[in-house]
Amino acid sequence: MKLIILAGGGGTRLFPLSRTCLPKQFLKLGNSDSLLTQTVNRFLPLIKPADIVVVTNKEYMHHVKTELATCGAGAAHILLEPVARNTAPAIALAVRFCLDELNITGKEVLFVTPADHIIHPVDIFAKNVRQAVELAALNKVVTFGIKPAKPETGYGYIQAGDSCGIGYDVASFREKPDKDTAANYLAAGNYYWNSGMFAFTAGCIMEEFSAYAPDIFQLAAAPLSEVIDKFAAMPNISIDYAVAEQSARVVMAPLTAYWNDIGSWDAIYDVLEKDQAGNALNGDCLPIDCANTLMLGRNRLIAGIGLEDILVVETDDVIVVAKRGESQKVKDVVTELKARGRREVDEHTTMYRPWGSYTVLGEGPGYKMKKIVVTPGGQLSLQLHYHRSEHWIVIGGTAKVTIGEQEQMVHVNESVYIPTSTKHRLANPGKLPLEIIEVQNGSYLGEDDIVRFDDVYGRA
């Protein structure tokens, strides 16, 4: 089979940790590996890295490359969506890529999974996947359902119909319910959480697109280059709406492994270890007379007194406090912040780039101060700024600096000045991370005041 990992989403329900610049699939939550790396590792016992296709966008490409290298899957393929669309267009694009570039036949099974779920143990999951692949080979569209453990309102549901061997015919798909409806689903016993994972042959899903989403099929039937060129014409629709809810071929296989889509801070609380009072603590936390509370800190001490059933999440620039059970409403906070044009929706104070990262230390009228870290061998683009000058002070490692036509080495405790409208480049030729303090001065300090002339990461 081929594995298609959907890793292009910019999830907002785990704000403020997950933001547009670094969504949840790249976060490390209660584990030393990111959710994307955990997803890849789950499938490596089943397939070779060269049989993996990660669908993402150009903004996340360097994150994906880093994660794949971390887990020894550098041979996996990265497929970039030209514009943001929903899961049905993303899957159609991936199917066309597999047909044209990986030379698969219509009989080969494709397994589709989101990049940001927690599933364990791996051996039970692998057994479930093998069963789903066998069922998909019979020209079925297979989806995993999870037996609900509580009346969850944050998941869609699948109503199971008649048994069909290892799975069930699907009677219906149901949207995220209110609490009373979810309780009724739980009591009925034949409703399952919708996992968002699918297995089907390439030929089967193309036939289903043709029958139920002809606009997607017409575009996806063309050669890959044409599909990419016309991808913006794809409708913004999920695979559930486009195919699964209409197809007569859909069957549900129960997933017997533990599953959590990490779709809210309540879900994070569920997967983290608790103390004797039921508190889930991560970071520098001091609970006094607290019970059943999540405290997740990054850089500051969180002291809680008399808290019960509360969620507290701290980052450099945002603190979110919510009642447990209400964390689905975090998306409402993000919506309001977007309406107000707040940068916190998209950016962390630390931003990651192919060459390393930068952290905003402080800013005000006419100035901004950053700490820049360049990985060994990394280099920024050859660029200039029309509205600002820069001072660079090296605090660690050795910098190779180009200013105009001059190139020089700059060491710890040394500094350089880059005038406005002057071409310049920063590189790390050493074996240790290069760390500098950058002080910007000017009338406009936005990140879009960059004119690139040459870039080893293809951004010029």
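Checked against the criterion of being of a type in the set (S, T, N, Q) and at pLDDT below 95, the candidates ASN279, ASN260 yield just one match: ASN260. Of the residues making up the stretch 152-165, those that are assigned to a loop (DSSP other than H, G, I, E, B), open to solvent by 40 Å² or more (accessible area, probe 1.4 Å) and closer than 18 Å to LEU255 by Cα are CYS164, GLY165.
For the stretch 166-183, a residue qualifies if it is in a loop (DSSP other than H, G, I, E, B) and either among the charged types (D, E, K, R) or open to solvent by 70 Å² or more (accessible area, probe 1.4 Å) (or both), and the qualifying residues are ILE166, GLU175, LYS176, ASP178.
Among the residues of the stretch 184-219, those that are assigned to a helix (DSSP H, G or I), open to solvent by less than 50 Å² (accessible area, probe 1.4 Å) and within 20 Å of LYS140 (Cα to Cα) comprise ALA202, GLY203, CYS204, ILE205, MET206, GLU208, PHE209, ILE216. ASN41 meets each of the listed conditions (1) touching a Cys at 6+ places or on another chain (Cβ under 6 Å); (2) farther than 28 Å from ASP229 by Cβ; (3) in a loop (DSSP other than H, G, I, E, B) apart from (3).
Do you know which of the residues in the stretch 66-111 that are polar (S, T, N, Q) and in contact (Cβ under 8 Å) with a residue 24 or more places away in the chain is farthest from LEU224 (Cα to Cα)? Selected residue: THR70. Filtering the stretch 259-277 to residues that are open to solvent by 10 Å² or more (accessible area, probe 1.4 Å), in a loop (DSSP other than H, G, I, E, B) and either of a type outside the set (S, T, N, Q) or at positive phi (or both) leaves ASP261, LEU272, GLU273, LYS274, ASP275, ALA277. Of the residues that sit in the stretch 26-70 and are touching a Gly at 6+ places or on another chain (Cβ under 7 Å) and of a type in the set (S, T, N, Q), which one is modelled with the highest pLDDT? Looking at residues that are touching a Gly at 6+ places or on another chain (Cβ under 7 Å) and of a type in the set (S, T, N, Q), I get THR56. From the set of residues in the stretch 120-136 that are open to solvent by less than 10 Å² (accessible area, probe 1.4 Å) and not aliphatic (A, V, I, L, M), which is nearest to the chain's Cα centre (by Cα)? By that ranking, first place goes to PHE125.
Out of all the residues in the stretch 294-319, which are surrounded by 12 or more Cβ atoms within 10 Å (Cβ to Cβ), part of a strand (DSSP E or B) and of a type outside the set (Gly, Ala, Ser)? Residues satisfying the conditions are LEU294, MET295, LEU296, ILE302, GLU308, ILE310, LEU311, VAL312, VAL313, GLU314, ILE319. Applying the criterion of being out of contact with any helix residue (DSSP H, G or I) (no Cβ under 7 Å at 6 or more places or on another chain) and closer than 13 Å to THR113 by Cβ to the residues of the stretch 23-39, the residue that is least open to solvent (accessible area, probe 1.4 Å) is THR39.
Among residues of the stretch 286-307 that are within 16 Å of LEU14 (Cα to Cα), those with a Cβ under 8 angstrom from a residue that is outside any strand (DSSP E or B) and open to solvent by 50 Å² or more (accessible area, probe 1.4 Å), sequence gap 6+ or separate chain, pair up as LEU294/ARG324; MET295/GLY283; LEU296/GLY283; GLY297/GLY283; GLY297/ASP284; ARG298/GLY283; ARG298/ASP316. Looking only at the stretch 334-372, filter to residues that are of a type in the set (D, E, K, R) and in a helix (DSSP H, G or I); which one of those is modelled with the lowest pLDDT? Once the filter is applied, the top-ranked residue is ARG343. Apart from one condition, LYS331 fits all of (1) in a loop (DSSP other than H, G, I, E, B); (2) closer than 30 Å to PRO151 by Cβ; the exception is (1). Residues that are among the aliphatic types (A, V, I, L, M) and open to solvent by less than 20 Å² (accessible area, probe 1.4 Å) within the stretch 48-74 comprise ILE52, VAL53, VAL54, VAL55, VAL64, LEU68, ALA73, listed in sequence order. Confirm whether THR20 is touching a residue at least 60 places away in the same chain (Cβ under 8 Å), open to solvent by 10 Å² or more (accessible area, probe 1.4 Å) and in contact with a helix residue (DSSP H, G or I) (Cβ under 6 Å, 6 or more places away or on another chain). Judged against the criteria, THR20 is not a match. Residues of the stretch 339-373 that are in contact with a Leu (Cβ under 9 Å, 6 or more places away or on another chain) and among the aliphatic types (A, V, I, L, M): VAL345, MET351, MET369, ILE372, VAL373. Taking the criterion of being within 24 Å of THR66 (Cα to Cα) and surrounded by fewer than 18 Cβ atoms within 10 Å (Cβ to Cβ), the residues of the stretch 79-114 that qualify are LEU80, PRO82, VAL83, ALA84, GLU101, LEU102. Among residues of the stretch 182-198 that are more than 29 Å from ALA7 (Cβ to Cβ), those with a Cβ under 9 angstrom from a residue that is open to solvent by 20 Å² or more (accessible area, probe 1.4 Å) and of a type in the set (Gly, Ala, Ser), sequence gap 6+ or separate chain, pair up as LEU186/ALA149; ASN190/GLY161; ASN190/ALA171.
The values are calculated or read from the model by the stated rules, or taken from the named source; none is laboratory data. What you see is a predicted model; the values in this text were computed from it and never measured. All Cβ positions, glycine included, derive from the backbone under ideal geometry; neighbour counts span all protein chains shown. Accessible surface areas use protein heavy atoms only, side chains included; no ligands, DNA or RNA. Shrake-Rupley method; radii C 1.70, N 1.55, O 1.52, S 1.80 Å.
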